[in-house]
1. Could you check the stretch 177-201 and list, in sequence order, the residues that are among the polar types (S, T, N, Q) and either touching a residue at least 60 places away in the same chain (Cβ under 8 Å) or within 21 Å of Ala387 (Cα to Cα) (or both)?
2. If we scan the stretch 326-337, do we find a residue that is closer than 26 Å to Gly390 by Cβ, outside any loop (DSSP other than H, G, I, E, B), charged (D, E, K, R) and in contact with an Asp or Glu (Cβ under 9 Å, 6 or more places away or on another chain)?
3. Can you say whether Ile372 is within 19 Å of Tyr422 (Cα to Cα) and either assigned to a helix (DSSP H, G or I) or not assigned by TED's automatic domain parsing to the domain that holds Ile426 (or both), as far as the supplied structure shows?
4. If Thr401 meets every condition in (1) part of a loop (DSSP other than H, G, I, E, B); (2) within 28 Å of the chain's Cα centre (by Cα) apart from one, which number is that one?
5. For residues that are of a type in the set (A, V, I, L, M) and either without any contact (Cβ under 8 Å) to a residue 12 or more places away in the chain or in contact with a Gly (Cβ under 8 Å, 6 or more places away or on another chain) (or both), scanning just the stretch 467-512, find the one that is nearest to Val369 (Cα to Cα).
6. Tell me which residues, restricted to the stretch 487-520, are over 16 Å from Ala53 (Cα atoms), among the aliphatic types (A, V, I, L, M) and modelled with pLDDT under 95.
7. Within the stretch 537-557, identify whether any single residue is farther than 30 Å from Ala50 by Cβ, of a type outside the set (A, V, I, L, M, F, W, C), in contact (Cβ under 8 Å) with a residue 40 or more places away in the chain and touching a His at 6+ places or on another chain (Cβ under 9 Å), and answer yes or no.
8. Scan the helices (runs of 4 or more DSSP H) fully inside the stretch 217-268 and keep the ones with 1 or more residues being within 23 Å of Phe408 (Cβ to Cβ) and either assigned by TED's automatic domain parsing to the domain that holds Met400 or touching a residue at least 60 places away in the same chain (Cβ under 8 Å) (or both).
Amino acid sequence: MVEEKEYVGVILSGSTTTEAVCQLLESAERGGIKEGMLLLVESGERKILARVAQIIPYNDFYTEGDPWSEARRKNLPIPEEVARRYEVCKLDLLIEVPRAEIRNPPQPGDYVLKIDPKIHEKDIFGVSQKDLKHVWFGSLIGYKDAPIPLYIENIPMHMAIFGVTGSGKSFTAGALIEKLADIPVKENGNASYPMIIIDAHGDYADYVSYVAEGGKLGQIGWIKRYVFPKAYVRTDFRRLGKFIQPIGINLDLISQRELAEIIVLFYKGTTEGAELQIDAIDNLFDRMKATGYDKIQEMFRPDRYFEDLLKMLERFAKETDMHSATKGAIRRALINFVVIEKEHKLLSTKSDLQDAEVRNGIIEQVKFVEEITRDGGIAIFDFSADAAPGVDLKTKQFVMTYLASLLFEQFTSYKIKREDRYLLFIIEEAQNFCPDKTYPVSSSLAHTKLSAIATQGRKFGLSLCLISQRPSFVDRIVLSMCNSLFIHRVSPEDVSFVRSISGGLPSSLVPKLTTMNQGDLILTGQMNTVPFPLVIHVAGRQVKHTVGEIKVCENLAKLRGI
């Protein structure tokens with residue numbers, strides 16, 4: 001494995017099959033070896049791959065209570081040249097090369113060698129940069145340029161990206177998007193992985209501007225930024241032409257029963273104890289259709305047939321002897337739901353999200369889903385204040401529910417037809433859309449559909465990428481389905497939770513969970529090609545990340561005319 005051997009240390013006593021300590025050679029001291037680097041232990045015929053977990057320098061003349069304490073106190077010179085000085089290096093033992101479990105610890109006196117991950121990537125990762133079905137991402141900590149492979153075939157197993165504000169999670173997500181836009185799928189060609197991105201803060205708008213200005217983003221077929229109708233009318237959005245699209249909803253693409261549940265949940269925040277109301281709304285739709293109102297979409301437009309819907313509710317209540325409290329609750333729920341049109345124009349706005357082929361009342365194909373999966377497109381739904389002015393969380397959750405419903409139904413159809421399609425659904429601030437019971441947003445309109453995608457989507461190519469600064473606030477069942485984790489610096493309150501869902505991390509990595517630098521992360525799971533977590537740094541992106549840049553002094557100077 002190592003052609004020109006560069007010895008850097010010797011194993012000391014006390015090794016186990018998971019940990020060892022080596023004393024560094026003088027040539028490797030004072031920065032020659034850094035935390036995170038990979039080393040190789042030669043133990044007889046065996047070669048053991050190890051990671052530097054900690055470096056500890058020792059000096060006999062600088063220990064607590066030693067004979068030189070009074071000299072240090074008076075700042076007198078100390079004869080350091082005659083002191084015993086050395087550095088020890090604590091190692092995490094990873095695998096026996098090539099890729100075998102470590103069953104016996106290294107022996108005292110075994111030599112430790114330095115290796116170059118770029119030269120020996122095949123030995124370490126099992127693949128090289130010439131191999132297909134992988135993208136090379138970030139760089140191993142301790143190296144300037146030592147990217148690691150991500151196995152594309154395991155994207156359908158779902159992934160998650162965690163990190164507190166400022167840890168670099170959105171930057172990492174952007175760098176990952178760039179890699180997934182240019183996947184080597186054949187010897188003579190690359191392809192883009194289709195992606196839908198729920199952008200909570202406008203972090204990915206730069207990609208639309210980049211392409212609109214003539215830049216090339218991998219092999220994507222197209223990219224569009226979807227904004228709410230009130231923002232869409234602005235001139236600065238319209239100038240981007242086809243790259244900007246309004247969000248519009250077609251209620252007739254949601255099953256009638258599900259829509260009844262959504263209406264109640266939209267109003268009450270829960271469907272518990274509301275079966276009578278849901279049944280009644282479902283029956284109300286049937287009655288409207290039986291009298292000639294064939295589109296539910298039109299029933300919730302105040303300028304069309306909403307008043308007729310309320311009148312039908314009154315007749316329905318009389319004919320069925322409905323309790324006045326039930327009728328009142330249904331009426332309030334219907335009136336409350338119309339806010340999606342009255343305030344946000346989601347029903348009357350024309351959008352490519354509304355088009356579908358329907359035969360005999362059955363949705364054959366949702367054109368938006370068909371096009372994005374066929375073309376390798378990227379759709380960014382901008383939920384930031386800039387693109388969703390005055391839009392409350394409940395309405396954003398409804399749009400998420402609509403998207404999740406379209407995706408789930410269309411991918412179910414692909415599976416039945418034996419059509420292989422793929423899509424990655426990237427969701428920023430995931431705790432707002434599939435929250436855990438401990439999170440203040442205790443319910444979400446999109447929760448049920450996202451749970452269905454998490455548990456079943458992998459079977460037919462529909463996968464999730466959940467991004468959150470507070471992973472313990474995301475639904476635990478949904479997160480348990482995420483089999484690849486990109487873990488940035490997290491809140492101390494989330495450490496035990498992250499350890500539990502990651503399947504356990506080496507003890508040496510646990511302290512790093514709350515102290516990692518911006519851009520550093522721990523990668524673990526099925527997209528990782530090795531059976532141990534990797535610590536990497538993500539520094540580079542093709543498209544500059546401008547959102548979130550704060551220029552306080554510059555802007556103050558402008559305001560003051562300085």
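1. The one that is among the polar types (S, T, N, Q) and either touching a residue at least 60 places away in the same chain (Cβ under 8 Å) or within 21 Å of Ala387 (Cα to Cα) (or both): Ser192.
2. Initial filter on the stretch 326-337 (closer than 26 Å to Gly390 by Cβ): 331-337.
Narrowing the set further to residues that are outside any loop (DSSP other than H, G, I, E, B) leaves 331-337.
Going one step further and asking which of them are charged (D, E, K, R), we end up with 331-332.
Narrowing the set further to residues that are in contact with an Asp or Glu (Cβ under 9 Å, 6 or more places away or on another chain) leaves 331.
The answer is yes, given that some residue of the stretch 326-337 is closer than 26 Å to Gly390 by Cβ, outside any loop (DSSP other than H, G, I, E, B), charged (D, E, K, R) and in contact with an Asp or Glu (Cβ under 9 Å, 6 or more places away or on another chain).
3. Numbers: within 19 Å of Tyr422 (Cα to Cα): yes; either assigned to a helix (DSSP H, G or I) or not assigned by TED's automatic domain parsing to the domain that holds Ile426 (or both): yes.
Yes, satisfied.
4. (1)
5. Across the stretch 467-512, the extreme among qualifying residues is Leu485.
6. Listed by number, the list holds a single entry, Ile501.
7. yes
8. 256-268
The values are calculated or read from the model by the stated rules, or taken from the named source; none is laboratory data. Just so we're clear, the structure is a prediction, and the values are computed from it rather than from any experiment. Glycine gets a Cβ as well: all are built from the backbone with ideal geometry, and neighbour counts include every protein chain shown.
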